[in-house]
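Before any comments, here is the structure.
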Amino acid sequence: MEEKVLIFNTEEEARSFQKALERASLGQAVVKPDHGFTKPALRVWGMPSHVLAAAFWAGFEPKAVI
C-alpha cells in the first residue's frame, strides 16, 4: 500500500472521487480529507490501481497526485 495526496479543483470533485475510490477499492483503501493544501485534497492509503480504477469510475482524474 502507498500513501498519496490527491488534489482537486472543487470540494464536490473531491467528495465524488472519494465515493468512487471507496467503491473501486471495495473498502480496502483508506481515504481522509487533507486540509493542508489551498485546494481540496484527499490523503489516500491504498494501491495505485485503486486510484486508477476510481478515476475510471468517477469519469475524471485528480488535478495533481503527490
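Any idea how many residues of the range 2-12 are surrounded by 14 or more Cβ atoms within 10 Å (Cβ to Cβ) and touching a helix residue (DSSP H, G or I) at 6+ places or on another chain (Cβ under 8 Å)?
Filtering the range 2-12 for residues surrounded by 14 or more Cβ atoms within 10 Å (Cβ to Cβ) gives 4-8.
This time we only want the ones that are touching a helix residue (DSSP H, G or I) at 6+ places or on another chain (Cβ under 8 Å), so: 4, 6, 8.
Of the residues in the range 2-12, 3 are surrounded by 14 or more Cβ atoms within 10 Å (Cβ to Cβ) and touching a helix residue (DSSP H, G or I) at 6+ places or on another chain (Cβ under 8 Å).
Each residue in the range 36-61 was checked for being modelled with pLDDT of 95 or more and either buried (at least 19 other Cβ atoms within 10 Å of the Cβ) or in contact with a Ser or Thr (Cβ under 6 Å, 6 or more places away or on another chain) (or both), and 4 pass. Any residue in the range 52-65 that is in contact (Cβ under 8 Å) with a residue 60 or more places away in the chain sitting within a Cβ distance under 9 Å of a residue that is in a strand (DSSP E or B) and loosely packed, with under 12 Cβ neighbours inside 10 Å? List the pairs, counting only those 6 or more apart or interchain. Listed by first residue and then by second, the contacts come to nothing, as the list is empty. Pairs are defined by a Cβ separation below 9 Å, a sequence spacing of at least 6 or placement on different chains, a first member in the range 1-17 that is closer than 8 Å to residue 44 by Cα, and a second member that is aromatic (Phe, Trp, Tyr) and crowded, with 16+ Cβ neighbours inside 10 Å; the pairs so defined are 6/17. When restricted to residues that are within 11 Å of residue 5 (Cβ to Cβ), in a loop (DSSP other than H, G, I, E, B) and among the aliphatic types (A, V, I, L, M), the range 47-66 contains 1. With respect to being exposed (fewer than 14 other Cβ atoms within 10 Å of the Cβ) and either modelled with pLDDT of 95 or more or among the basic types (Lys, Arg) (or both), residue 33 fits the description. Taken together, the residues in the range 18-28 that are in contact (Cβ under 8 Å) with a residue 24 or more places away in the chain and surrounded by 15 or more Cβ atoms within 10 Å (Cβ to Cβ) amount to 5.
Just checking: which of the strands (runs of 3 or more DSSP E) contained wholly in the range 1-46 hold 1 or more residues that are of a type in the set (A, V, I, L, M, F, W, C) and under 16 Å from residue 60 (Cα atoms)? It would help to see each step written out before you state the result.
Values: elements: 2-7, 30-34, 41-46.
In the range 1-46, 2-7, 41-46 are the strands (runs of 3 or more DSSP E) which contain 1 or more residues that are of a type in the set (A, V, I, L, M, F, W, C) and under 16 Å from residue 60 (Cα atoms).
The values are calculated or read from the model by the stated rules, or taken from the named source; none is laboratory data. Predicted model only: the values in this text are computed from it and were never measured. Note that each Cβ is placed from the backbone with ideal geometry, even for glycine, and that neighbours are counted across all protein chains shown.
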